[in-house]
Each structure stands twice: as structure tokens, then as C-alpha cells.
Amino acid sequence: MNRWIALSLLLALTGCFGGTYQPDVYYALEPAPTVTAAAASSGQTLGIRVIEAPVIYRRPMVYRDGAYRVQPYDGALWAEEPARVLTNELTNALRASNRFADVASATTMRMPDLLLTGAVQRFEEVREGGRVQAVCSVRIDVRQRDTGALVYGATLEAAVPFEGVGHEAYAAAMSQAVAQVISEAVEGIAQAGV
């Protein structure tokens with residue numbers, strides 16, 4: 001008798017009685033930033049550290065519904081961590097800008113002249129006043145490696161309304177928001193005279 005109770009409890013806990021399995025679905029970010037190449041390089045090297053992100057913005061697609069509540073969607077995940085996408089796309093855009101003698105990960109460069117750090121502040125779907133939009137906000141700092149002097153610093157934010165509904169629309173809008181933030185960062189760094 002005790003075996004039957006234990007077996008029934010085990011089956012109930014493993015989900016064998018009813019319920020449906022919902023597989024995770026992964027969505028890719030495909031930003032296409034606009035970058036204008038400089039005529040000549042500054043001759044400086046730029047080391048980029050991996051952009052940091054809070055745990056909630058690492059893998060799940062999240063939404064903000066109200067002032068304080070940020071919640072993940074069940075089973076909807078980014079194909080690659082957004083902070084990694086931001087780091088890679090920013091690195092590629094800065095290389096394409098032709099403003100530096102070299103742009104690479106700070107961990108692979110011996111002694112870069114400048115260091116770029118960043119932190120994701122928001123990476124979410126926002127529902128406000130009947131509107132739904134993707135919001136990407138990132139703090140970017142560029143400092144002289146030897147003195148620590150701030151050369152460029154800005155919090156960049158882009159909010160792109162959804163065209164359509166669902167997670168595909170979310171991924172498309174967020175891809176545009178990421179592209180805008182990266183384009184603004186590259187332009188801002190150029191205007192800072194770096």
C-alpha cells in the first residue's frame with residue numbers, strides 16, 4: 001500500500017498526471033547599427049570589457065507592467081545573452097568606425113590606451129498607456145587606461161514601438177533599439193574627440 005502511495009506521489013510530482021509541456025523558444029537579436037567611418041584613425045587602441053547586466057536581463061525576455069514590476073515571459077528566451085550581443089555589436093561598430101588603431105576585448109590586449117565599460121540598465125518590453133515598446137538603456141564609459149580619466153560617458157536609451165504583436169515583434173523592436181544605442185555610442189565617442 002505504501003508503495004502505491006509513494007509511486008502516485010512521485011508521478012504527480014513529475015507531471016505525469018495532466019499538464020502540458022511548453023518548450024522554450026529562443027529569439028535572436030539582429031541589430032543593424034549605422035556607422036560612419038572616419039577618414040583616419042586616432043592611433044589609439046581601445047579595449048572593451050564585457051558589458052554587465054543584472055540577472056533579470058541575462059536570458060529571459062522580460063516585460064515591465066507598471067512602475068516596479070519586471071517579469072520574465074514563460075519559455076521565451078533570448079538566443080544569446082543581450083549583454084554579449086551589445087558587447088559584440090559595439091566592438092564591431094567601433095572597428096567599422098575606423099577611429100582606432102585596434103579595437104578588441106580588453107582581456108586580449110596587452111595595454112590598450114583606452115578602456116570601454118558598460119552596464120545594461122534596462123532591456124525590456126514596456127507597456128504604458130496602451131503602448132508597447134522595447135526599451136534598451138545602457139551606460140557606456142570610456143576612460144584613459146593609465147590615468148582613469150573619463151573621456152566619454154553617457155547613458156543611452158532607445159524606445160522602439162512594436163510593429164505587430166508577440167515575441168517576434170518584441171525581438172524586432174529590441175533589435176532596432178540596440179542598433180540605435182550602438183549608433184549613438186559610436187557617434188558620441190567620435191564627438192568626444194577620441
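The values are calculated or read from the model by the stated rules, or taken from the named source; none is laboratory data. Model, not experiment: these values are computed from the prediction. Using ideal geometry, Cβ is built from the backbone for each residue, glycine included, and neighbour counts are taken over all protein chains shown. Calculation scope for accessible area: heavy atoms of the full protein, side chains included, ligands and nucleic acids excluded. Shrake-Rupley method; radii C 1.70, N 1.55, O 1.52, S 1.80 Å.
Does residue 149 meet the test of being farther than 17 Å from residue 84 by Cα, exposed (fewer than 14 other Cβ atoms within 10 Å of the Cβ) and not β-branched (Val, Ile, Thr)?
Details: farther than 17 Å from residue 84 by Cα: yes; exposed (fewer than 14 other Cβ atoms within 10 Å of the Cβ): yes; not β-branched (Val, Ile, Thr): yes.
Against the criterion (farther than 17 Å from residue 84 by Cα, exposed (fewer than 14 other Cβ atoms within 10 Å of the Cβ) and not β-branched (Val, Ile, Thr)), residue 149 qualifies.
For residue 164, the conditions (1) more than 20 Å from residue 50 (Cα to Cα); (2) open to solvent by less than 70 Å² (accessible area, probe 1.4 Å); (3) assigned to a helix (DSSP H, G or I) all hold with the exception of (3). Comparison of 134, 154 shows that the only residue that is closer than 19 Å to residue 76 by Cα, in a strand (DSSP E or B) and either modelled with pLDDT of 95 or more or open to solvent by less than 10 Å² (accessible area, probe 1.4 Å) (or both) is 134. Taken over segment 132-178, the criterion of being in contact with a Pro (Cβ under 9 Å, 6 or more places away or on another chain), of a type outside the set (Val, Ile, Thr) and closer than 22 Å to residue 121 by Cβ is satisfied by 133, 134, 136, 173, 174, 175, 176, 177.
Given 47, 43, 66, which one is among the small types (Gly, Ala, Ser) and assigned to a strand (DSSP E or B)? Steps first, answer last, please.
Values: 43 fails: assigned to a strand (DSSP E or B); 66 fails: assigned to a strand (DSSP E or B).
Unique residue meeting the criteria: 47.
So which residues in segment 67-82 are open to solvent by 40 Å² or more (accessible area, probe 1.4 Å) and at pLDDT below 95, if there are any at all?
Initially, segment 67-82 is screened for residues open to solvent by 40 Å² or more (accessible area, probe 1.4 Å), giving 67-74, 79-81.
Hits for segment 67-82 are 67, 68, 69, 70, 71, 72, 73, 74.
So which residues in segment 83-110 are of a type in the set (A, V, I, L, M, F, W, C) and either part of a loop (DSSP other than H, G, I, E, B) or buried (at least 19 other Cβ atoms within 10 Å of the Cβ) (or both), if there are any at all? Residues satisfying the conditions are 83, 85, 86, 90, 93, 94, 100, 101, 103, 106, 109. Restricting 149, 154, 179, 169 to residues that are under 14 Å from the mean Cα position of the chain (by Cα) and among the hydrophobic types (A, V, I, L, M, F, W, C) narrows the list to 179. Scanning segment 1-55 for residues that are surrounded by 10 or more Cβ atoms within 10 Å (Cβ to Cβ), modelled with pLDDT under 75 and of a type in the set (Gly, Ala, Ser) gives 6, 8, 12, 15.
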